[in-house]
1. Consider residue 111 carefully, then state whether it is surrounded by 13 or more Cβ atoms within 10 Å (Cβ to Cβ), free of Cβ contacts under 8 Å to residues at least 24 places away in the same chain, out of contact with any strand residue (DSSP E or B) (no Cβ under 6 Å at 6 or more places or on another chain) and more than 25 Å from residue 206 (Cα to Cα).
2. Mind checking whether some residue in segment 386-409 is more than 26 Å from the chain's Cα centre (by Cα) and closer than 22 Å to residue 333 by Cα?
3. Between 383, 407, 388, 344, which is charged (D, E, K, R) and either closer than 17 Å to residue 327 by Cα or outside the structural domain of residue 328 (by TED's automatic domain parsing) (or both)?
4. Just wondering, is there one or more residues in segment 93-115 that are part of a loop (DSSP other than H, G, I, E, B), out of contact with any Leu (no Cβ under 6 Å at 6 or more places or on another chain) and within 14 Å of residue 212 (Cα to Cα)?
5. Condition check: exposed (fewer than 15 other Cβ atoms within 10 Å of the Cβ) and either among the basic types (Lys, Arg) or touching a residue at least 60 places away in the same chain (Cβ under 8 Å) (or both). Does residue 106 satisfy that?
6. Given segment 167-276, what helices (runs of 4 or more DSSP H) lie entirely inside it while holding 3 or more residues that are modelled with pLDDT of 85 or more and either over 30 Å from residue 129 (Cβ atoms) or not assigned by TED's automatic domain parsing to the domain that holds residue 78 (or both)?
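The values are calculated or read from the model by the stated rules, or taken from the named source; none is laboratory data. Everything numeric in this text was worked out from a predicted model, so none of it was measured. Backbone-built Cβ (ideal geometry, glycine too); neighbour counts: all protein chains shown.
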Amino acid sequence: MTATPLATAPAPTTPAPGLGRQLLRDSGYVLAGMPLAVVSFVVAVTGIALSAALLVTTLGLPVLAGTVYAARLLADLERFRLPGVLRQPRVRPAYLAPEPGSGYWRRILVPLRDSQSWLDLLHAFLKLLVTVPTFAVLLVWWVLAIGGTLYFTYDWAIPRGPGDQDLSQLLGMGDGAEARIVLNTAIGLFCLLSLPLLARGCARLQAGLARSLLTGVAEMRQRITTLEEQKRAAASAEASALRRLERDIHDGPQQRLVRLAMDLSRARQQLAADPEAARRTLDEAVTQTRETLDELRALSRGIAPPILVDRGLPSALAALAARALVPTELLVDDDLGTPEGRLDPAVESTAYFVVAEALTNVAKHSSARACRVLVARRVGRLDITVWDDGVGGAHVAKGHGLSGIADRVRAGGGSLEVTSPTGGPTAVHAELPR
């Protein structure tokens, strides 16, 4: 089985969990961050101080490298915790690695030449500054929320002396048990209701520092790499389309136009000597003209079919399915053809190209007896699936029919997956952002 994902678009964020689950997730992230922050700070301070003291000897650099590796390990642990708060895929930077056969000192210096290693170490220093206040505030809020809402169950057990004053007395609410219970319960309910928002804010504050130092550079580099891949794919797809168009024009209309010119020249020579032969030659020229026009219309449909522009994607795909050599079942969301549901022209053009090329490959290579095309609108994307019951064995390697589809989809920021075991069936699934 061949399954080749070409994921170039940024992965989608994970759906938001329920309020209670997110509260526990945020609270666990903030509260567990305190011991991790203490360990990170101690490791960083101890390692830097020890390496500075040993720099006069040969042990300074190895201790510093060990400190950097320890900070990297703690940073990886923090990256592992981030997706639960940020609702984004886990990102790990590509650290510099020593070359094979490198010597001892070269291996020691490799992490010290990596900018991300120093950002990990900086995070180990700064994490405690953010964690201490957020940990304290959230812990107090949890205590007030639980203690306040349950105050009525233990008010009687709190010892009070003759001169003691409660908060309710200081606020002028009276000195009875009822006033104390009402005040403390109100405080507890307020803290309980505002706890999810506070926990979310504290977690985002800690996670924001971690993301900026531990994954920000990696995300930027990943985005740059993705854009470069999309640019190369767009150039490749455009070059392939131009080469194909040039070949089709050269092999079809151009040859017919050359023959048409020759027929017209022959008819002009025959006109005086043999009018009947000239008439037959002109009839052939008219036939050549009509066939040339038909081929030009077919080529223009492959570039920018008028039906796609005028009536939308469902009608254009219906025309493709009707012309397909293999019986094709078409399932398309109807709203894609309405003025309100129309997609961006670039997305419509790419979707049309994907289906057209996939159907062409089905007709040429699959020996299929049935084909199915499904086009559906999803949240933030357009899903396209072309399935056939052919012999299988399709893949997206260069030189094969599906490579052009892969380049076109990648250029649009989408992803393509081909599943085609030997013996079939074959499924070509594309996702396009919209």
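1. Values: surrounded by 13 or more Cβ atoms within 10 Å (Cβ to Cβ): yes; free of Cβ contacts under 8 Å to residues at least 24 places away in the same chain: no; out of contact with any strand residue (DSSP E or B) (no Cβ under 6 Å at 6 or more places or on another chain): yes; more than 25 Å from residue 206 (Cα to Cα): yes.
Considered against the rule, which asks whether it is surrounded by 13 or more Cβ atoms within 10 Å (Cβ to Cβ), free of Cβ contacts under 8 Å to residues at least 24 places away in the same chain, out of contact with any strand residue (DSSP E or B) (no Cβ under 6 Å at 6 or more places or on another chain) and more than 25 Å from residue 206 (Cα to Cα), residue 111 comes out as no.
2. Looking through segment 386-409, at least one residue is more than 26 Å from the chain's Cα centre (by Cα) and closer than 22 Å to residue 333 by Cα.
3. Numbers: 383 fails: either closer than 17 Å to residue 327 by Cα or outside the structural domain of residue 328 (by TED's automatic domain parsing) (or both); 407 fails: either closer than 17 Å to residue 327 by Cα or outside the structural domain of residue 328 (by TED's automatic domain parsing) (or both); 344 fails: either closer than 17 Å to residue 327 by Cα or outside the structural domain of residue 328 (by TED's automatic domain parsing) (or both).
So the residue among 383, 407, 388, 344 that is charged (D, E, K, R) and either closer than 17 Å to residue 327 by Cα or outside the structural domain of residue 328 (by TED's automatic domain parsing) (or both) is 388.
4. Yes: one or more hits.
5. Yes, satisfied.
6. Details: elements: 167-170, 177-210, 216-251, 253-273.
Result: 177-210.
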